[in-house]
There are 2 protein chains.
Amino acid sequence: MSGDVKSHAGGEVLVRGWLHKKRLLGGLNFIVIRDRGGLVQVVLQDEAEIAKLHGLHVGTVMSAQGQAVAEERAPGGAEIHQPKITVEVPVTDEPPIEIDKPLSHKSENLDTLFDNRVIGLRNLREQAIFKIQAEVEESIRRFLKENNFVQFNSPKLLPGSTEGGAEVFKLDYFGKEATLAQSAQFYKQILVGVYERVFEINPTYRAEPSATTRHMSEFITIDMEMGFITFTELLDLLSNLINSVVNEVWQNCESELKLWDAKKPVLAGSFPALTMSEIHKKYSEATGEDTTKELDLIPKEERWICEYAAKEHGSEAVFVTDWPKADAKFYHKLKDDNPEIAERCDLLFRGIEIVTGSMREHRYDKLVAQLKEKTGASPDDPGFKYFLQAFRYGMPPHGGFGMGLERLTEKIIGLANVKEATLFPRDINRLSP
Amino acid sequence: MSGDVKSHAGGEVLVRGWLHKKRLLGGLNFIVIRDRGGLVQVVLQDEAEIAKLHGLHVGTVMSAQGQAVAEERAPGGAEIHQPKITVEVPVTDEPPIEIDKPLSHKSENLDTLFDNRVIGLRNLREQAIFKIQAEVEESIRRFLKENNFVQFNSPKLLPGSTEGGAEVFKLDYFGKEATLAQSAQFYKQILVGVYERVFEINPTYRAEPSATTRHMSEFITIDMEMGFITFTELLDLLSNLINSVVNEVWQNCESELKLWDAKKPVLAGSFPALTMSEIHKKYSEATGEDTTKELDLIPKEERWICEYAAKEHGSEAVFVTDWPKADAKFYHKLKDDNPEIAERCDLLFRGIEIVTGSMREHRYDKLVAQLKEKTGASPDDPGFKYFLQAFRYGMPPHGGFGMGLERLTEKIIGLANVKEATLFPRDINRLSP
C-alpha cells in the first residue's frame, strides 16, 4: 500500500492504484498514485515510462514498480523513483470533478457535488467524511455492546403508518398497501420485553416535503431502548455514549478529522439538562423575542441554547427536557407529578437536535387511553395491536432514543448540511445517483 | 442479574424481571423470574408473599429480594429463598403462547409462531436465535474490518429497477416513481473506485411472488466488494470469512447453540469448488435424472452436492463456479478464455445457496456492450448512468458477493425455513407483526 512505501525506503516497491495527479510538463515530472492506503508520489525521468501516460487522465488504473526513497515533503514521507509503469485500465476522458483539490461545499454548489458524487468521492477529503462516519457507527456499536445491548433488525415494510403524520411513503404490497418505516419505535419497545436492552442501526424513511439542511427522505437511525431504567439513567447513558463516540473518533480518525479542521467538541461528562420552559424563558429574556408560547424550540433557539450551554456549562451538547403534553406522542410517558409534561429528552449538539428520546408509558391501560386520546385509533388497528400486545403481557418502565447517524457525523466534523454527511442523499428533489 | 445470583450465594440479592413460570400449588411453591441474564428460581413459603401473586400471569413485571442459595439443580445453579415479592406491573391475562416450553417450528405451525411473535420471543429458545444472529453479524463486521473493508450505507430508494426482473417494489416518490433496492450491487461497485474494499449490512427488498422456505420480501444482506483481486482470492476470502464466523459463533454462543442442538459445521479451510457442469454431470450420473441442460442448479441438486462435498471433501460448504453466460447478469465478468462462462461463484451451505458472488466486468466498453446485450437498456438510462460513470473514469479488476444474514443464521443453527431466523418475517402473505 502507498502508506507503507516509507517503511521500505531503500528497497524496491510496487504500488497499484489509480492515477490521482499528473505533472508531466518537463523539468520535474511526477505523478501521484492513490490506493486504499492513501497517496504516493512517483518521480519519472525515463521518457519511455512518461510516454505510457500520454493522453491518459486521472482515474487510470495502473501500477508503478521502483525504488522507495524517503522524502519528507512527499505525502506519506516517501516517493517512488525510477519506476516501471504499467497501465491496466486507461482513462481517456477528463473526470467531471476535481479529485485532488478540496471540493466546494457551499450551499449553492451542493448539487454539483452530489451530481458528481460517484467520482467526487475519490477525493480524499470527501472519503474522510465516510471513514469518520464508519468509525462513529462502529464506536456506537462497541459502546452499546459493552453495555449489554442486543442488536436487532426490524422490518421496514409495515402494514400502516404508526407514527402518524403525513410524511409516510406508501407502496403496493402484493395488492395491499404497505408503508415504509418512519422509525423502529414499536419494534424496539416490543423487544425490551424480550432482551431488556436493544439497539438497531438501519434506514428510516420520511416523505419530508421540503428541502432543508437537516432533513432527508432516507437516513440511518441509531435506535436504542432499555428497560428497568429511570429518566436520569437514560440521560446518563446518552451522555456517556456521545462522550465515548467523540473520544474514539478523535483517537482513530486523526488524519481524516484534520482534512476538515474538525474541532473536538467540548462536552460535560453529564450533559446539562434544561427544561423547555426554562429555555424559552432564557431565550426570550436574552433576545427580546417571545417564544414562551411555542410547543417546540424554534431553530434560532436551538442554536442559541447550544451557545449558552457551551458558555455557561462548558458543554456543546445539552438536553432539552419537560416537553409539553400537546407535542407528545401517544407512547411518551407523562410525568407522574405533572401530567401536562412529557418525560422527553432531546439532545441538541452544536445547534441542532441530533437525538430525540423519552421515557415510554409502560402501563397497558394508560397507553391505550393515550393512544385513543392522541390518535383516535382503536387498539385493534393493525398498526397498533401487536405493539399493544407487548404491554398487555407485561412491560417494565423503559425509555430510549433515536439518533440520526448523518446528523451526528455532520456535527462532529463541523459540516453545515446533513446531506454532506450522506454518501448518496435523498430528498424531495433528489433520487440519484 | 439472574445469572449472578450464584456468585452471591450466602448473601442477599434482589432480582427484577418478568414472572416466567409459576408453581404455587402447595407443597413446594416456586416461581421463575426472567431478566436479561437468564432465569432464576425463587422458592416461596410465606403465605403473604404467595398471595401477592394470586391471579397474576406470566409476564408480570416484579422483583424478588431474598437469600441467594446455591442449588445445583436450579437454572443458573442458585435459587432465591425467603423472598420479599414486589409486583410492579401485574398481568391479568394468560399469554397467547407458551414461553417456558419449546415452541413448535413445524411448517404447519409457523403461522401461529409468527402471529404470536411479540410474546413468543420471550421464550429463551426463540431469543437464542437472534442472539446468535447478532453474533453472526458482529463477527462478519469484525472479519471485514480486520481485512481493511470500509463500511458504508447506500440508499434503498432508487430511481428505477437496476437488477432487472419483475420482483421490484414501486412507490410514489413525491409524484415520481421510485423503487426499493433489490441489492446494493451498483453502489458497492462504485465504492470500490473509492475505498477498494467496502461492505454494507442493510435491508434488501424483493417482491417475491411465492411463499417458500427460502424467500422473503425483506431481508438483511451482507454486501461486500473488493478491488485488485483475482477470482481465487475472492473464493479464499469467502472461505476464511465463513470459517471465522462459525468459529466465533461457536466460541461466543455456546448456551444459545445448545438450546437448538446445533452441530458445528464441518468446513474445509478452502471450500471445494465445482463447476456448474461438473455438478450437473455428477448429479445426473448418481441419480439418473438428467440436469445437464439446466442453466441453474435445481433445489434437489443443491442438497445433493452439499452432501457430496461433505462426504468427498469434508466440507458442508461448497462453491459452484463457471455459470453459463445465459444466466449471467450484465455486470458479471465472462472468462477471458471462454466467454460463454461467467466468473460467478455461489456458495452452497447445508443444502441451500447462501452467497452469490462473481468477478465483475471492469472495462467500460465491454460493460456497456454487455448492458445493451443483456438488458437492452441505454447507458444513459437513469438507472445505469451513474454506475457506468465509475467505469468510464477507471475501475480496477474487482469482485464481491452478497450473503443473506437470515439464511446463514438458519443454516448455522439448523433451522428449516429462513423465516424462523427472522424476527418479524415479511412475505407475500405476511406484513405483520
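The values are calculated or read from the model by the stated rules, or taken from the named source; none is laboratory data. For clarity, every value in this text was computed on a predicted model and none was experimentally measured. When we count neighbours, we look across all protein chains shown, and the Cβ atoms used for this are built from the backbone with ideal geometry, even at glycine.
Here's the yes/no breakdown for (1) closer than 21 Å to B:Phe401 by Cα; (2) in contact with a Lys or Arg (Cβ under 9 Å, 6 or more places away or on another chain):
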residue: B:Lys156; (1), (2): yes, yes
residue: B:Pro159; (1), (2): no, yes
residue: B:Glu177; (1), (2): no, yes
residue: B:Leu180; (1), (2): yes, yes
residue: B:Gln189; (1), (2): yes, yes
residue: B:Gly193; (1), (2): yes, yes
residue: B:Phe199; (1), (2): yes, yes
residue: B:Asn202; (1), (2): yes, yes
residue: B:Ser210; (1), (2): no, no
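The residue list B:Leu423, B:Leu431, B:Leu408 contains one member that is of a type in the set (A, V, I, L, M) and free of Cβ contacts under 8 Å to residues at least 40 places away in the same chain, which is B:Leu431. Of the residues in the stretch B:119-134, at least one is of a type in the set (Gly, Ala, Ser) and either at the interface with chain A (Cβ under 7 Å from one of its Cβ atoms) or surrounded by fewer than 19 Cβ atoms within 10 Å (Cβ to Cβ) (or both). Scanning the stretch A:259-283 for residues that are over 22 Å from A:Ala342 (Cα atoms) and among the polar types (S, T, N, Q) yields nothing. Tell me yes or no: at least one residue of the stretch B:417-427 is in contact with a strand residue (DSSP E or B) (Cβ under 6 Å, 6 or more places away or on another chain) and outside the structural domain of B:Asp223 (by TED's automatic domain parsing). Checking the stretch B:417-427: at least one residue is in contact with a strand residue (DSSP E or B) (Cβ under 6 Å, 6 or more places away or on another chain) and outside the structural domain of B:Asp223 (by TED's automatic domain parsing).
Number of residues in the stretch A:343-383 that are surrounded by fewer than 21 Cβ atoms within 10 Å (Cβ to Cβ) and assigned to a loop (DSSP other than H, G, I, E, B) equals 11. Of everything in the stretch A:71-94, what is modelled with pLDDT of 95 or more, of a type outside the set (D, E, K, R) and within 27 Å of A:Trp260 (Cα to Cα)? Give them in sequence order. Selection gives A:Ala78 alone. From A:Ile305, A:Ile222, which residue is away from chain B (no Cβ under 14 Å) and crowded, with 19+ Cβ neighbours inside 10 Å? From the options A:Ile305, A:Ile222, the qualifying one is A:Ile305. Note on the stretch B:36-59: residues that are within 14 Å of chain A (Cβ to nearest Cβ) and on the phi < 0 side of the Ramachandran plot total 7.
Considering the stretch B:105-118 alone, what residues qualify as being outside any helix (DSSP H, G or I) and either within 12 Å of another protein chain (Cβ to nearest Cβ) or buried (at least 19 other Cβ atoms within 10 Å of the Cβ) (or both)?
Result: B:Asn116, single match.
Filtering the stretch A:386-433 to residues that are more than 29 Å from B:Ala181 (Cα to Cα) and within 12 Å of another protein chain (Cβ to nearest Cβ) leaves A:Leu388, A:Gln389, A:Ala390, A:Phe391, A:Arg392, A:Tyr393, A:Gly394, A:Met395, A:Pro396, A:Pro397, A:His398. Does B:Gly357 fit the bill of being touching a residue at least 40 places away in the same chain (Cβ under 8 Å) and in contact with a Leu (Cβ under 8 Å, 6 or more places away or on another chain)? Yes.
Scanning the stretch A:149-165 for residues that are of a type outside the set (A, V, I, L, M, F, W, C) and either in contact with a helix residue (DSSP H, G or I) (Cβ under 9 Å, 6 or more places away or on another chain) or modelled with pLDDT under 95 (or both) gives A:Gln151, A:Asn153, A:Ser154, A:Pro155, A:Pro159, A:Gly160, A:Ser161, A:Thr162, A:Glu163, A:Gly164, A:Gly165.
Residues in the stretch A:326-341 that are touching a Leu at 6+ places or on another chain (Cβ under 8 Å) and more than 28 Å from A:Thr213 (Cα to Cα): A:Phe330, A:Tyr331, A:Glu340, A:Ile341.
Just one of the listed residues (B:Leu241, B:Leu235) is among the hydrophobic types (A, V, I, L, M, F, W, C), in a helix (DSSP H, G or I) and either without any contact (Cβ under 8 Å) to a residue 12 or more places away in the chain or over 25 Å from B:Ile129 (Cβ atoms) (or both), namely B:Leu235.
Residues that are surrounded by fewer than 19 Cβ atoms within 10 Å (Cβ to Cβ) and among the hydrophobic types (A, V, I, L, M, F, W, C) within the stretch A:75-88 comprise just one, A:Val87. Counting only residues that are of a type in the set (Asp, Glu) and out of contact with any Gly (no Cβ under 8 Å at 6 or more places or on another chain), the stretch B:62-78 holds 1 of them. When the stretch A:139-158 is filtered for residues that are free of Cβ contacts under 8 Å to residues at least 60 places away in the same chain, out of contact with any Asp or Glu (no Cβ under 7 Å at 6 or more places or on another chain) and at the interface with chain B (Cβ under 10 Å from one of its Cβ atoms), the ones remaining, listed by number, are A:Lys145, A:Asn148, A:Val150.
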